[in-house]
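S.K.: What follows is a single structure, and I will ask about it in a moment.
The values are calculated or read from the model by the stated rules, or taken from the named source; none is laboratory data. Just so it is clear, the model here is predicted, and its values are computed rather than measured. Neighbour counts run over all protein chains shown; Cβ positions are idealised from the backbone, glycine included.
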């Protein structure tokens, strides 16, 4: 049975790739982009099964209007995939207020506005699935991506809370956390702070060297089946890492965190006071 899928940020990368896969198998898909022309290829290929919507997710009212358009055309929303977002490169000190606020407005608040717009529909249906596209960097961090890391950590906290609030309404929430992939996330979709401080040149050079290892990047097409399977699963996980690097990195991170928690156990317990 076909589903109605709503995907933000479908102009390129994961969003377009996943939209094409859902449409190919017969689902109805509403896709958003800041430029409608970026969605023309999907419309030409799939006709009435795709609804293109021009949307800047930072606009709360526009997000509500987009949901209204989807209900008017398709009648329901089974799955929301909050994919819109971009990367911001630069150290924490180098990140200007303008860049930092813009990053949070899109990656965090944009996701929040779309989620809030969809929830009344799913509550009325007593069903639905919300898939929040976070990142491996919503669980651990890398230098040169501090504000981006923060935006994804915020998504993690928001979405975990949301899951506990809507489970009794038949709404499921999954956070997906891709490691690096060979998309244009670090290219045309990214921004770079221009306020370079020379004391951080060594950090920049180390980051550039680590990022040049192409073997660490996953193949975007390999995510299609896992995402389709996730949408079809009656008991989806709360979190799903995408990529071999993500699995190995997080296993190591959690082991180290647990060891440190245990090492400071007595101090932590004493701090309770009784």
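S.K.: Hey, residue 195 hits all of (1) outside any strand (DSSP E or B); (2) touching a strand residue (DSSP E or B) at 6+ places or on another chain (Cβ under 8 Å); (3) modelled with pLDDT of 85 or more but one; which does it fall short on?
M.R.: So residue 195 meets the others, but not (3).
S.K.: Considering region 5-50 alone, what residues qualify as being under 25 Å from residue 119 (Cβ atoms), in a loop (DSSP other than H, G, I, E, B) and in contact with a helix residue (DSSP H, G or I) (Cβ under 9 Å, 6 or more places away or on another chain)?
M.R.: Within region 5-50, 8, 9, 10, 11, 27 qualify.
S.K.: Which residue is nearest to the chain's Cα centre (by Cα), if the candidates are limited to region 130-171 and must be surrounded by fewer than 21 Cβ atoms within 10 Å (Cβ to Cβ) and outside any helix (DSSP H, G or I)?
M.R.: 139
S.K.: Follow-up question, since we're still on this one. Identify the single condition in (1) surrounded by fewer than 16 Cβ atoms within 10 Å (Cβ to Cβ); (2) modelled with pLDDT under 95; (3) in contact with a helix residue (DSSP H, G or I) (Cβ under 9 Å, 6 or more places away or on another chain) that residue 185 does not satisfy, given that it satisfies every other one.
M.R.: Among (1) surrounded by fewer than 16 Cβ atoms within 10 Å (Cβ to Cβ); (2) modelled with pLDDT under 95; (3) in contact with a helix residue (DSSP H, G or I) (Cβ under 9 Å, 6 or more places away or on another chain), residue 185 violates only (1).
S.K.: Out of 226, 236, report the one residue that is farther than 21 Å from residue 140 by Cα, touching a helix residue (DSSP H, G or I) at 6+ places or on another chain (Cβ under 7 Å), surrounded by 11 or more Cβ atoms within 10 Å (Cβ to Cβ) and assigned by TED's automatic domain parsing to the domain that holds residue 181.
M.R.: 236
S.K.: Residue check: is residue 127 in the same structural domain as residue 197 (by TED's automatic domain parsing) and modelled with pLDDT under 95?
M.R.: Considered against the rule, which asks whether it is in the same structural domain as residue 197 (by TED's automatic domain parsing) and modelled with pLDDT under 95, residue 127 comes out as no.
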